[in-house]
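Notes follow the structure.
The values are calculated or read from the model by the stated rules, or taken from the named source; none is laboratory data. Because the structure is a prediction, the values reported are computed rather than measured. Cβ atoms come from the backbone with ideal geometry, glycine included; neighbour counts cover every protein chain shown.
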Amino acid sequence: MRKLMTTVAAAAVALGFAGAAQAAEKGEGKIQVKLLATGVLPDGAITGTPTGAAAGAVVGSQTTLNNNVVPTLAVEYFFTPNISVETICCFTGHHVSATGALAPLGSIVDHVLVLPATLTAKYHLTGLPLVKPYVGVGPAWFFYIDERPSASLTTATGIDKVHMSNRVGLALQVGLDVPLPNSPFGISFDAKKYFVKTTAHFSVAGTEVLATEHKVDPWVVSGGVTYRF
């Protein structure tokens, strides 16, 4: 993963500085800001063998994370008309529900905030009328904040704390920018597929009793307005 991140960053920088003068000559702004409505569609399935004293309770069960729609701010810097880097800022809230043996508990994690810190290097196809499609790739670091076990889980098992581990993963991106004629504004459509996991640690009075590995792997789809300057 570190090797891939280094390679992507080096390629973006090398290609960007080589063509910076070309972008200036065309008079295109180097910074683009996007305000987007974003759908976050995670997986959440258990992928690793549960460990700990309560591991047996998970046998025959599965978990899912709910979908959510949130506002997103994206900031993009163009090295050339074709090469840019982009980062996004958003928090998305979720809960974890169980199926199978744990289904009677309903939600087992009532609340968790996720910050999907993402940096992608993007290639834009230019020369087409009206539209500018692009692809991107880059690292993503998922931070989990304010995790809380559900009341039903605490009542049934005594579990009073849950912690989800922060992890680095990979994001693949494809999208389409549509600049408005004779205007710095435009519209944008974007889709990202993330590949990232987390480990959920469940504790009773400070002692871990269960750990489960989860595939988060969300689709993140967005649409909104852009401003380039």
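Some points to look at:
- Residues of the range 155-175 satisfying the condition of being touching a residue at least 12 places away in the same chain (Cβ under 8 Å) and under 16 Å from Val209 (Cβ atoms): Ala156, Thr157, Gly158, Ile159, Asp160, Lys161, Val162, His163, Met164
- Just one residue in the set Ala57, Ala98 is closer than 26 Å to Ser150 by Cα, of a type in the set (A, V, I, L, M) and in a strand (DSSP E or B); that residue is Ala98.
- Each residue in the range 36-54 was checked for being assigned to a strand (DSSP E or B) and either among the basic types (Lys, Arg) or exposed (fewer than 14 other Cβ atoms within 10 Å of the Cβ) (or both), and 1 of them qualify.
- If you go through the range 111-130 and keep only what is at pLDDT 95 or above and more than 25 Å from Val70 (Cβ to Cβ), you end up with Tyr123, His124, Leu125.
- Only one entry of Ser165, Ser97 meets the criterion of being crowded, with 18+ Cβ neighbours inside 10 Å, polar (S, T, N, Q) and either touching a strand residue (DSSP E or B) at 6+ places or on another chain (Cβ under 7 Å) or at pLDDT 95 or above (or both), and that entry is Ser97.
- Only one of Phe202, Phe195, Phe189, Phe185 that is among the aromatic types (Phe, Trp, Tyr), buried (at least 18 other Cβ atoms within 10 Å of the Cβ) and at pLDDT 95 or above: Phe202
- So Thr126, is it of a type outside the set (Lys, Arg), within 16 Å of the chain's Cα centre (by Cα) and closer than 17 Å to Leu176 by Cα: no
- Residue that is farthest from Pro184 (Cα to Cα) [pool: residues in the range 13-54 that are charged (D, E, K, R) and modelled with pLDDT under 95]: Glu25
- Within the range 83-94, the set of residues being without any contact (Cβ under 8 Å) to a residue 60 or more places away in the chain and either within 15 Å of Val70 (Cα to Cα) or in contact with a helix residue (DSSP H, G or I) (Cβ under 7 Å, 6 or more places away or on another chain) (or both) comprises Ile88, Cys89, Cys90, Phe91, Thr92, Gly93, His94.
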